């Protein structure tokens, strides 16, 4: 609803017949508020007659009256003379006319429109655009929002995906907007990225041979051979989904929008391995087998030793417990570490 306040140019507007005729062709009239009563508002329709509308039609969301006496207001003309010989107008139909005209322009030109989240319904979310309820399905949203109360009342941008003018239904999409933003960020990222850069990300998924690290707008790949030094047979048990990591860029594939990362390159253990010979270090028990015992040193160095106790190892060793080991020798070709436990496993020392 457009309210024309009192000013000196209103008389010039009322004298402009061409402009007024354009309004009347669209069934829109401009009326002056003469009096505001308890339940009704009386208007002067410039048609040599007066008419009234309910006061409830002019309240905003906070139940505050939006108009005052002497204001000129645009209303939708339904009938010049009804059965009671009174002018019939509507404020709701004017809002509908303006809203659907705006929706048609935004839908054809594929422009972004602002709206606020009302609540969660079956199959999606209810969105308010200019006090009209629209529907945002889960498939067209970015993801299922875990903390939904944070988004209630917040204004977000949407794209009109589908409109049914007969049933008066509007389906919105937010996924298309986010994909456009991500594509722009990716283009900027691939222009500036170089081999050797440091990136921070979160583990998104874990496979048998690699992990996927989410850096915000791209999923990067890191193979187990680029994460751990030594044996990486049970590396998937060492990592967790949601764990944050720092990694180096090893390779960039701009055609397929892929980035390959490495973590073990941050600290090359084998350059300084000779200093640790015949030294004692604490190691974490990672995995127990009938054949081998797997341990972890320095966060990303995995090593294994033959299980000489067989099935009795679970009596003396527990997973994620720490034990002292003695580093004996190294195999530089295979990148293997040869070690032994400080004392016999059956002892308490």
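The values are calculated or read from the model by the stated rules, or taken from the named source; none is laboratory data. Given the structure is predicted, the values throughout are model-derived calculations rather than measurements. Backbone-built Cβ (ideal geometry, glycine too); neighbour counts: all protein chains shown.
Within segment 69-91, which residues are at pLDDT 80 or above and either surrounded by fewer than 12 Cβ atoms within 10 Å (Cβ to Cβ) or outside the structural domain of residue 28 (by TED's automatic domain parsing) (or both)?
70
I'd like the full set of residues that are modelled with pLDDT under 80 and under 31 Å from the mean Cα position of the chain (by Cα), limited to segment 221-238.
235, 236, 237, 238
Could you please let me know if residue 115 is assigned by TED's automatic domain parsing to the domain that holds residue 150 and free of Cβ contacts under 8 Å to residues at least 40 places away in the same chain?
For residue 115, the condition - assigned by TED's automatic domain parsing to the domain that holds residue 150 and free of Cβ contacts under 8 Å to residues at least 40 places away in the same chain - is not met.
Counting only residues that are in contact (Cβ under 8 Å) with a residue 24 or more places away in the chain and in contact with a strand residue (DSSP E or B) (Cβ under 8 Å, 6 or more places away or on another chain), how many does segment 160-175 have?
Residues meeting the conditions: 8.
Answer yes or no: is there a residue in segment 60-68 that is assigned to a strand (DSSP E or B), touching a strand residue (DSSP E or B) at 6+ places or on another chain (Cβ under 7 Å), exposed (fewer than 15 other Cβ atoms within 10 Å of the Cβ) and outside the structural domain of residue 160 (by TED's automatic domain parsing).
Checked segment 60-68: at least one residue is assigned to a strand (DSSP E or B), touching a strand residue (DSSP E or B) at 6+ places or on another chain (Cβ under 7 Å), exposed (fewer than 15 other Cβ atoms within 10 Å of the Cβ) and outside the structural domain of residue 160 (by TED's automatic domain parsing).
What do you reckon, is residue 114 closer than 24 Å to residue 175 by Cα and assigned to a strand (DSSP E or B)?
When the stated conditions are applied, residue 114 passes them.
Please return the ranges of strands (runs of 3 or more DSSP E) entirely within segment 247-349 where 1 or more residues are modelled with pLDDT of 65 or more and over 26 Å from residue 203 (Cβ atoms).
280-288, 301-306, 322-331, 336-341
Go through the residues of segment 187-195 one by one and say whether even a single one is farther than 17 Å from residue 214 by Cβ, in contact with a strand residue (DSSP E or B) (Cβ under 6 Å, 6 or more places away or on another chain) and surrounded by fewer than 15 Cβ atoms within 10 Å (Cβ to Cβ).
yes
Among the numbered conditions (1) out of contact with any helix residue (DSSP H, G or I) (no Cβ under 6 Å at 6 or more places or on another chain); (2) surrounded by 11 or more Cβ atoms within 10 Å (Cβ to Cβ), tell me where residue 173 comes up short.
(1)
Taking the conditions exactly as written (surrounded by 10 or more Cβ atoms within 10 Å (Cβ to Cβ) and out of contact with any helix residue (DSSP H, G or I) (no Cβ under 6 Å at 6 or more places or on another chain)), does residue 166 satisfy them or not?
no
Out of all the residues in segment 149-158, is one or more within 18 Å of the chain's Cα centre (by Cα), without any contact (Cβ under 8 Å) to a residue 40 or more places away in the chain and in a helix (DSSP H, G or I)?
Yes, the conditions are met somewhere in segment 149-158.
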